[in-house]
1. Restrict the search to segment 1-77; then list the trypsin sites (Lys or Arg not before Pro) that DSSP places in a loop and that have at most 13 other Cβ atoms within 10 Å of their Cβ.
2. How many angstrom lie between the C-alpha centres of segment 105-158 and segment 1-26?
3. Under 8 Å for C-alpha pairs, at least 6 residues apart: give me the relative contact order for the chain, rounded to a whole percent.
4. For a bin width of 10 Å, list the pair-distance distribution of segment 189-262 built from all Cα-Cα distances, rounded to whole %.
5. What is the sum of charges, Lys and Arg at +1 and Asp and Glu at -1, for the other residues whose Cβ falls under 9 Å from the Cβ of GLY68?
6. Taking a quarter of the surface of the convex hull around the Cα atoms of segment 147-288, what do you get in nm²?
7. From the cross-link list LYS57/LYS208; LYS11/LYS196; LYS2/LYS334; LYS11/LYS161, which pairs have alpha carbons spaced over 31 Å apart?
8. Once you list every other residue whose beta carbon is under 15 Å from the beta carbon of ILE202, what net charge do they have if Lys and Arg are +1 and Asp and Glu are -1?
Amino acid sequence: MKAFRLHDYNKPLSIDEVPEPKIDGPYDIIVKIKGAGVCRTDLHIQEGIWKGIVNPKLPFTLGHENVGIIEKKGTAVDWLDVGDQVILHPYITCRHCRACRAGNDMHCPYGKFPGLDGTDGGYAEYLKTSAFSAIKIPKGVDIIPMAPLADAGITAYHAVKKISPYLYPGSLVAIIGVGGLGHIGIQVVKAITPAKVVAIDINEEKAKLAKELNVDEIILAGKDGGISDVLKLTDNVGVDVVIDFVGEYSTPQNALRMVRKGGIYSIVGYGGEFRNPTIDFVNREIMVVGNLVGTYNELSELVNLYVQNKVKLKVQKFPLEDANRALEELKNGKIIGRGVLIP
Ligand SMILES: [Zn+2]
Ligand SMILES: [Zn+2]
């Protein structure tokens, strides 16, 4: 089968002819890929940012936002059938450690992450994963546009759910970056919390997308990244929560200036860094929160919102052959919403 694989850092992916994956364990499933989301994390993997953290063995197939049809299943998989359409939680967990038993899938120290840690992902015709990662989608639902829910969507959902206990009617959440995750984040805040949303982006097209999503306020960020507009909007107090879907360049510094006393700076996008005097965290009691993907149950909750039409996804389809072009367009900020590769 055809697979798009990373052979060298900072180089385009190559199309390789590789053997189809085989069932090894009783809980394995082979999924015929229908759609694979194109993610900024793929760019970061290419750049080698993940090298020091998961140190993937090259070459391997990228693609961690996958939907498809079950093609084969292991002998112990009695709750799913060949032919079922599924969305795949991106992590394969051990299922017996403390984190797994608590439902904190992403904290499992023994898991595998297809498309990220050297395990083959979904930029291919077939993918092997665990049946425990699969969520069955009702027949009749078009699964292709759902692919980005598997990482972008679940991460945005997880970040919003985590801060939701701190929100009340009248709260204001600032969302920095109306990209693939940000545009989902806006909708999730609206769907599961009583807060209002101010969307901040530097790109007019993306601000327009925020408008389509009925966001309460839009700030087209200028030189100061939107700080002065946020302060104007809040009588110089700042917002209750900033969710930073960019996490690079000057956004972390800017985000900290937008948060009110006792507020939360929630980090989703990554790649950059920030410096801030410790006294500022003490004096303003700022809480800083990180977000890594989300749990299986959170993906299942998000799928429910999607099927109920409470979260909509803007997707742009590319044939699998155009994986490198899709990555390039993502890099250049040309994709509105989310790119999905179709094998
Ligand atoms: Zn992703
Ligand atoms: Zn585990």
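1. Counting only loop positions with at most 13 other Cβ atoms within 10 Å, the trypsin sites (Lys or Arg not before Pro) in segment 1-77 are LYS22, LYS57.
2. Each part reduced to its Cα centre gives a spacing of 17 Å.
3. It comes to 18 percent, rounded to a whole number.
4. Taking every Cα pair in segment 189-262, the percentages come to 19, 54, 26, 1.
5. With Lys, Arg at +1 and Asp, Glu at -1, the neighbours total +1.
6. Details: hull surface 31.8 nm².
With the hull built on Cα positions only, its mean projection is 8.0 nm².
7. LYS57/LYS208; LYS11/LYS196; LYS11/LYS161
8. Working: positive: LYS206, LYS208, LYS223, LYS334; negative: ASP201, GLU204, GLU205, ASP224, ASP229, ASP244, GLU248.
The answer is -3.
The values are calculated or read from the model by the stated rules, or taken from the named source; none is laboratory data. For clarity, every value in this text was computed on a predicted model and none was experimentally measured. Every residue, glycine among them, receives a Cβ derived from its backbone with ideal geometry; neighbour counts consider all protein chains shown. What goes into the accessible areas is simple: the full protein's heavy atoms, side chains included, and nothing from ligands, DNA or RNA. Shrake-Rupley method; radii C 1.70, N 1.55, O 1.52, S 1.80 Å.
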